[in-house]
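**Q** This structure is in structure tokens; I'll ask about it shortly.
The values are calculated or read from the model by the stated rules, or taken from the named source; none is laboratory data. Only a predicted model underlies this, so the values are computations on that prediction, with no experimental measurement involved. In this analysis, Cβ positions are derived from the backbone assuming ideal geometry, glycine residues included, and neighbour counts consider all displayed protein chains. Just so you know, the surface numbers come from the protein's heavy atoms only, side chains and all, with ligands and any DNA or RNA stripped out. Shrake-Rupley method; radii C 1.70, N 1.55, O 1.52, S 1.80 Å.
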Amino acid sequence: MSHKPLNEPSFRESVDLMFNRAVKLLDLSPGLEEKIRVCNATYTVRFGVRLRGKIHTFTGYRAVHSEHMEPVKGGIRFATSVNQDEVEALAALMTYKCALVETPFGGSKGGLCVDPREWDAHEMEQITRRFAYELIKRDLINPSQNVPAPDMGTSEREMAWIADQYNRMHTTDINAKACVTGKPLNAGGIAGRTEATGRGVQFALREFFRHSEDVARTGLEGKLDGKRVIVQGLGNVGYHAAKFLSEEDGCKVVAVIERDGAVMRPQGLDVEAVRQHIMETGGVKGCPNADYTELGNSVLEHECDILIPAALEGVINLSNAHSVRAPLIVEAANGPVTAGADDILRQKGTVIIPDMYANAGGVTVSYFEWVKNLSHIRFGRMQRRQEEARHQLIVDELERLDRYLGDAWSMSPGFKEKYLKGADELELVRSGLDDTMRIAYQSMREPWHTREDVSDLRTAAYMVSIDRVAQSYRAKGL
Ligand code: GLU
């Protein structure tokens, strides 16, 4: 849990403050700035579900921040802490995120005040379907208007229920599956969606480390290999980011912070084993081959190279920003650094790879899923074998050369198999995500490097996004 001081602005105000900092550096026509900043509408619903012999009333929200492009997009969060201010802040972040990674959506977010651990699967299904019913009835879930996805406390299970609920209410809509993303593969989902946000964090870091001038601003040197990483929150996003960075990029995950404390190991933790332990026991306490502390949040202040907050908003705030020692923070969560903390860290020279970029992998692959649903065909189905046949032509020629040249030349071991294999959906999704993350980073680093008045990546990211949203409004004649 965060210990956010009471004198800090709310999450939504914090997002607005960051927006204001950036918008001042742009030359927008009068009034457009406010039009972009404000949340267009927030729908609140209270509904009852009969469970365990009594009616329980739940409160849910769906905020629509900007409809400059439709459908609007953003996850649905299930947590007891959900409130209007939070969904509005998250909806605004969705607008900027989608603009930054060029997914053709406006921003939205939903939430339901519920503790998913309190109810069994059947009860959760009843609650989810009822919430979905309320939103579908008002076109707040709809393939062409508003397309939710998973967020904290929800996963592909809930998305499958929502998709089915929409289908029951729109039996003749041929595009019904596109009403929600993050569905299981067998219910119209796409390969690689579950890992997408964590994979995006990995691609973001890889791209950052391709630019040595950018790395130099952190005071770090070299490549990702060997970097010490602290991850806060080993949920879907934190787990995948930690797993990929440690298994594929040589990073050492030196600490994992969870609800019940933190585990540490200077030589690097076995991410898979920590995850397994959390699944079995509900926490990190007692995790083998690691030191444990109950004071999880104090570990945010430990020395490391890269700090990855991947859980709640506001965990780095006025109370601890001064003590954060990591030179590089990657915001895998939405809004983990408050506006006040952001000021402190900026002054200290900490480089922050901002949320709207760092965690955009989820919505990027959601976009691929939505397109797949609308096109009614799996990616690669038409091209894969044709690609393999063309590759076969080259391999045949190389084999001929091989025979002709004898010992003087031969194909490298494994080349033939690797080259021959056409890309499947997962590979195509990862390639599309990688490309998206690289291009978005480059557009964001441009103002960071070329403008004297832009000293951080967050302001740069906001500028790129706001400018794109403004262009879209201008094109509409607003
Ligand atoms: N909830 C995720 C996010 O905050 C994914 C949203 C989506 O895929 O629409 O970006």
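**Q** Does residue 128 satisfy the criteria of being more than 12 Å from the ligand (Cβ to nearest atom), over 15 Å from the mean Cα position of the chain (by Cα) and not in a helix (DSSP H, G or I)?
**A** Spelling it out, it is not the case that residue 128 is more than 12 Å from the ligand (Cβ to nearest atom), over 15 Å from the mean Cα position of the chain (by Cα) and not in a helix (DSSP H, G or I).
**Q** Within the bounds of region 368-378, is there any residue that is under 21 Å from residue 215 (Cβ atoms) and within 16 Å of the ligand (Cβ to nearest atom)?
**A** No, because not a single residue in region 368-378 is under 21 Å from residue 215 (Cβ atoms) and within 16 Å of the ligand (Cβ to nearest atom).
**Q** While we're on this one: Mind telling me which of the residues 348, 418 ends up being in contact with a His (Cβ under 9 Å, 6 or more places away or on another chain) and surrounded by fewer than 16 Cβ atoms within 10 Å (Cβ to Cβ)?
**A** Matching residue, one of 348, 418: 348.
**Q** I would also like to ask the following. Go through region 114-132 and give me each residue that's open to solvent by 10 Å² or more (accessible area, probe 1.4 Å), touching a helix residue (DSSP H, G or I) at 6+ places or on another chain (Cβ under 7 Å) and aliphatic (A, V, I, L, M).
**A** None - no residue of region 114-132 is open to solvent by 10 Å² or more (accessible area, probe 1.4 Å), touching a helix residue (DSSP H, G or I) at 6+ places or on another chain (Cβ under 7 Å) and aliphatic (A, V, I, L, M), so the list stays empty.
**Q** Of 326, 333, which residue is closer than 30 Å to residue 111 by Cβ, away from the ligand (no atom under 13 Å from the Cβ), of a type in the set (Gly, Ala, Ser) and in a loop (DSSP other than H, G, I, E, B)?
**A** From the options 326, 333, the qualifying one is 326.
**Q** Considering only residues that are in a helix (DSSP H, G or I), acidic (Asp, Glu) and open to solvent by less than 60 Å² (accessible area, probe 1.4 Å), which ones fall in region 133-185?
**A** Within region 133-185, 134, 158, 164 qualify.
**Q** Scan region 138-161 and report the pairs whose first residue is over 16 Å from residue 235 (Cβ atoms) and whose second residue is among the aromatic types (Phe, Trp, Tyr) and away from the ligand (no atom under 11 Å from the Cβ), with Cβ atoms within less than 7 Å and a gap of 6+ or a chain change.
**A** 138/43; 140/43; 141/166
**Q** Taking only region 364-380 into account, find how many residues are open to solvent by 10 Å² or more (accessible area, probe 1.4 Å) and part of a helix (DSSP H, G or I).
**A** 8
**Q** Of all residues in region 87-113 being under 30 Å from residue 52 (Cα atoms) and surrounded by 24 or more Cβ atoms within 10 Å (Cβ to Cβ), which is nearest to the ligand (Cβ to nearest atom)?
**A** Checked region 87-113; the qualifying residue nearest to the ligand (Cβ to nearest atom) is 109.
**Q** Let me ask another. Quick one: which residue in 67, 34 is away from the ligand (no atom under 14 Å from the Cβ), open to solvent by 40 Å² or more (accessible area, probe 1.4 Å) and without any contact (Cβ under 8 Å) to a residue 12 or more places away in the chain?
**A** That would be 34, the only listed residue that is away from the ligand (no atom under 14 Å from the Cβ), open to solvent by 40 Å² or more (accessible area, probe 1.4 Å) and without any contact (Cβ under 8 Å) to a residue 12 or more places away in the chain.
**Q** If you don't mind, there's one more thing I want to ask. So the check is Cβ under 7 Å with 6+ separation or different chains; which pairs have a first residue in region 409-435 that's under 24 Å from residue 205 (Cα atoms) and a second one that's open to solvent by 70 Å² or more (accessible area, probe 1.4 Å)?
**A** 425/378
So that you can scan it fast, the table gives a plain yes or no per residue for (1) crowded, with 16+ Cβ neighbours inside 10 Å; (2) in contact (Cβ under 8 Å) with a residue 24 or more places away in the chain; (3) within 22 Å of residue 78 (Cβ to Cβ); (4) among the aliphatic types (A, V, I, L, M):
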| residue | (1), (2), (3), (4) |
| --- | --- |
| 230 | yes, yes, no, yes |
| 247 | no, yes, no, no |
| 254 | yes, yes, no, yes |
| 261 | yes, yes, no, no |
| 265 | yes, yes, no, no |
| 271 | yes, yes, no, yes |
| 275 | yes, yes, yes, no |
| 278 | yes, yes, yes, yes |
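**Q** Hey, another quick one. Would you please name the residue that is surrounded by the most Cβ atoms within 10 Å (Cβ to Cβ), looking only at residues in region 186-197 that are within 14 Å of the ligand (Cβ to nearest atom) and of a type in the set (Gly, Ala, Ser)?
**A** 196
**Q** A further question follows. Within region 273-298, how many residues are among the acidic types (Asp, Glu) and either over 18 Å from residue 232 (Cβ atoms) or touching a Ser or Thr at 6+ places or on another chain (Cβ under 8 Å) (or both)?
**A** Of the residues in region 273-298, 1 are among the acidic types (Asp, Glu) and either over 18 Å from residue 232 (Cβ atoms) or touching a Ser or Thr at 6+ places or on another chain (Cβ under 8 Å) (or both).
**Q** Now for a different question. Return yes or no: is residue 220 open to solvent by 60 Å² or more (accessible area, probe 1.4 Å) and either farther than 28 Å from residue 427 by Cβ or at pLDDT below 95 (or both)?
**A** No: the conditions fail for residue 220.
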